[in-house]
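Step one of this worksheet: look at the structure below.
The values are calculated or read from the model by the stated rules, or taken from the named source; none is laboratory data. Keep in mind the model is a prediction, meaning the values are calculated, not measured. All Cβ positions, glycine included, derive from the backbone under ideal geometry; neighbour counts span all protein chains shown. Calculation scope for accessible area: heavy atoms of the full protein, side chains included, ligands and nucleic acids excluded. Shrake-Rupley method; radii C 1.70, N 1.55, O 1.52, S 1.80 Å.
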Amino acid sequence: MSRIGRMPVAIPAGVTVTIAEGNEVTVKGPKGELNRVLPKEMDIKLEDGHVVVSRPNDLKKMKSLHGLTRTLIHNMVIGVSEGYTKTLEINGVGYRAQKAGKKLTLTLGYSHPVEMEDPDGIETKVDGNKIIVSGISKEKVGQYAAEIREKRKPEPYKGKGIKYADEVIRRKVGKTGKK
């Protein structure tokens, strides 16, 4: 049986989970509210402060959906109680970020500044050469952070560009002159 799918999802204090018809799960907490329609094949139940997910049979598709469904519910519960953050670092001479209202302006060595609008439910903060993306949906936070990084990926020779704070850039040796 799925090790992840078997584990019950604990519901912390201040968080409410409701399961509507068609496996529509709504999670409300101090940071906000998330709802998602999960696969209809999975059996989702609330049992004394825990959400338990079970599968009808052992087909390969059901096994993979089992773990996925449990993880999605777990991510929603953590999102409304604690929230998610991703930190990006900008490296490079003249590379910088500014924040004005909901607009993030990046100066990345192009002939024009790159402007990005914060999506709904996502907030960005600029702290020196760091950009902090935060929100309650793990999926949206990760996607927006990836879109920011995509504007100027880190290059392997000097390490210039936008990278995740915990990312390690594999450096390459540049070419050498003739002797």
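Mind checking which pairs have a first residue in segment 8-30 that is within 14 Å of Lys45 (Cβ to Cβ) and a second that is of a type in the set (D, E, K, R), Cβ under 6 Å, 6 or more apart or different chains?
Short answer, once both residue conditions are applied: Asn23/Lys40; Val25/Arg36.
Condition first: surrounded by 14 or more Cβ atoms within 10 Å (Cβ to Cβ) and among the polar types (S, T, N, Q). Now tell me which residues in segment 29-63 satisfy that.
Ser54
Quick one: is Thr107 hydroxyl-bearing (Ser, Thr, Tyr) and open to solvent by 90 Å² or more (accessible area, probe 1.4 Å)?
When the stated conditions are applied, Thr107 does not pass them.
Limited to segment 95-137, what total is found for residues that are over 16 Å from the mean Cα position of the chain (by Cα), in a loop (DSSP other than H, G, I, E, B) and either more than 22 Å from Glu167 (Cα to Cα) or in contact (Cβ under 8 Å) with a residue 60 or more places away in the chain (or both)?
7
Suppose we filter segment 1-11 for residues that are touching a strand residue (DSSP E or B) at 6+ places or on another chain (Cβ under 8 Å) and surrounded by fewer than 14 Cβ atoms within 10 Å (Cβ to Cβ); how many remain?
Residues that pass the stated criteria total 1.
How many of the residues making up segment 53-71 are touching a helix residue (DSSP H, G or I) at 6+ places or on another chain (Cβ under 9 Å) and among the aliphatic types (A, V, I, L, M)?
Total meeting the criteria: 3.
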